[in-house]
Amino acid sequence: MKRLMASLAATAVCSFAGGAAWSADAAYPSKTVRIVVAFAAGGSTDLLARNIAQGLNEAWKQPVLVDNRAGGGGIVGTEHVAKSAPDGYTLLVGTPTTHAVAATLYPKLPYDPQRNFAPITEIAYIPQLLSVHPSIPVKSVKDLVALAKARPAVLNYGSAGSGSTSHMAMELFKSAAKINLVHVPYKGTGPAMIDLLGGHIALMFDVIMTSLPHAQAGKLRTLGVSSLQRHPIVPDVPTIAESGYPGYEALVWFGLFAPAGTPADVVRKIQEETARTLKSPKMRELLAGQGLVVAASSPADFTARVASEITKWRKVIQDAGIKLE
């Protein structure tokens, strides 16, 4: 009899625990959710986060707010999320800068890009265009490589700063093509683009929607796109991979993260609703117009993606000997 009562009690406890877990999942979210953007308002990460926030707000009938916490090249806001309560109410839109590159570039990073986060989903990605000033006598990636090899350490390229996605894309290209270019880091894409348009630097990588208008106006010459497949917005621009460097890929991706330890059912719920938001015709059209490709990956796939990106950019940084001044 005692064994029977003990068994029934254990069953009741398990049932209660299971019910409590289910209730916690069903109740989420029951208050305001904050999506932290580790960069200033108005940039591409911020705009994407606000689109996601609006979709989740409509689905959950709870406030979903964007919290801009810029500073330290994205480290300030990212650290804040890493140290937040793992309850699903503080999320982060991360990028290669905050996770894949920072993991190697900052030896004293105040968070671990893998251990301190629960990847939820890759939201979307956008390729970069390799563009040159029209005064540079090249019309293809092949021409550019030939010129760079004939004039080593003469051609200079701009970036949004050391460790930026534009910097990493060019370092990966330099390594693949075995060429020597001079890096000129700027404080942001804007100043770098101004100097490229003025002919003060020869070339640079930048995302499609920033570079394309200048190319269409004849102020830049576009040589290649950094994705493995051609992009529908610029279907006539060959990929760098097909221009003689198979496997070359340097994307700017945006992903949603929660602090490590966030319950799996909450992570799943956020991923599923984010995916529904991203796959809606309205959102697809909006993001496509900005050059973004919807990913909406699973937590497992995104976790693998982050790990792969960290390995990839670690090698580029170490091989190039890149250090922050």
* Asked: Taking the stretch 187-325, how much of its Cα-Cα pair set, in percent, is spaced more than 23 angstrom apart?
  -> 52
* Nearest-ten-degree value, helix 165-177 long axis tilted from longest Cα axis of the chain -> 60
* In Å, what is the Rg of the alpha-carbon atoms in the stretch 250-296, and how long is Dmax? -> 12.6, 36
* Structure fact -> Quick calc: nm separation of the 7 Å Cα→Cβ label points for Lys178 and Lys282 -> 5.4
* Just the Cα atoms of the stretch 74-125, one point each, no solvent: what log10 I(q)/I(0) does Debye give at q = 0.20, 0.29 Å⁻¹? -> -0.67, -1.34
* Residue with peak Gaussian network fluctuation, the chain [Cα springs, cutoff 10 Å], from Thr303, Thr32, Thr189 -> Thr32
* To do: May I ask you to derive the relative contact order of the stretch 128-243, considering only C-alpha pairs under 8 Å and at least 6 residues apart, and to give it as an integer percent?
  => 38
* Structure fact -> Scattering profile of the stretch 163-241 from the Debye formula, Cα beads only, expressed as log10 I(q)/I(0) at q = 0.23, 0.27 Å⁻¹, is -1.28, -1.54
* To do: Specify the inter-centroid distance of the stretch 244-270 and the stretch 177-209, based on alpha-carbon positions, in whole Å.
  => 28
* Asked: What angle, in degrees between 0 and 90 and rounded to the nearest 10, separates the Cα long axis of helix 2-27 from the longest principal axis of the Cα atoms of the chain?
  -> 40
* Asked: What is the gain in length, in nm to one decimal, between Thr311 and Ala217 on full extension, counting 0.36 nm per residue of separation less the C-alpha to C-alpha distance?
  -> 30.0 nm
* How big is the gap, in Å, between the Cα center of the stretch 284-308 and the Cα center of the stretch 73-136? -> 14
* To do: Set Lys and Arg Cβ to +1 and Asp and Glu Cβ to -1, take the dipole of the chain about its Cα centre, and tell me which of Thr239, Val316, Phe302 lies farthest positive.
  => Val316
* Potential lengthening between Lys142 and Glu58 on full extension [0.36 nm per residue; Cα-Cα distance subtracted] -> 25.3 nm
* Structure fact -> Once normalised by the length of the chain, the mean sequence separation of its alpha carbon contacts under 8 Å that are 6 or more apart gives a contact order in percent of 25
* Of Asp46, Asp206, Asp301, which has the largest mean-square fluctuation in a 10 Å C-alpha GNM of the chain? -> Asp301
* Structure fact -> Taking Cα atoms, the helix 299-320 axis meets the longest principal axis of the chain at an angle in degrees (rounded to 10) of 40
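Could you tell me how many cubic angstrom of Cα convex hull volume the chain has per residue? Don't jump to the answer; show the numbers that get you there.
Details: hull volume 47.8 nm³, N = 325.
Per-residue hull volume (Cα only) is 147 Å³.
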* Starting from one equal scatterer on each C-alpha and no solvent at all, send me the Debye-based log10 I(q)/I(0) for the stretch 121-211 at q = 0.13, 0.23 Å⁻¹, two decimals. => -0.39, -1.22
* **Most mobile of Leu129, Leu196, Leu286 in a GNM of the chain (Cα contacts under 10 Å)** => Leu286
* Restricting to the stretch 125-219, compute how many DSSP beta bridges are antiparallel as a %, nearest 5. => 45
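Of Lys108/Lys279; Lys174/Lys323; Lys269/Lys312, which ones are farther than 28 Å apart at the Cα? Numbers along the way, then the final one.
Values: Lys108/Lys279 38 Å; Lys174/Lys323 17 Å; Lys269/Lys312 30 Å.
Over 28 Å apart, Cα to Cα: Lys108/Lys279; Lys269/Lys312.
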* Compactness index (Cα Rg / 2.2 N^0.38 Å), the stretch 206-283 -> 1.53
* Asked: Taking amide H positions as placed 1.01 Å from N in the peptide plane, with prolines and chain starts having none, which residues 5 or more places from Ser297, or on another chain, fall under 5 Å of its amide H?
  -> Glu122
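Would you compute, from DSSP H runs of 4+ residues alone, the mean residue ellipticity of the chain at 222 nm, taking -39500 (n - 2.57) per run and dividing by the full residue count, rounded to the nearest 500? Provide the component values of the computation, followed by the final result.
Details: 11 runs with 142 residues, N = 325.
Value at 222 nm, helices only: -14000 deg cm²/dmol.
Calculate, in nm to one decimal, what Ala150 and Ala304 gain on full extension: separation in residues at 0.36 nm each, minus their alpha carbon distance. Working shown, then result.
On the way: separation 154, 0.36 × 154 = 55.44 nm, distance 4.00 nm.
Extending this stretch completely gives an extra 51.4 nm.
FYI, it's all coordinate maths here, none of it is from the lab. Just so it is clear, the structure is predicted and the values come from calculations on it, not from any experiment. Counting neighbours? That spans all protein chains shown, and the Cβs are built from the backbone with ideal geometry, glycine included.
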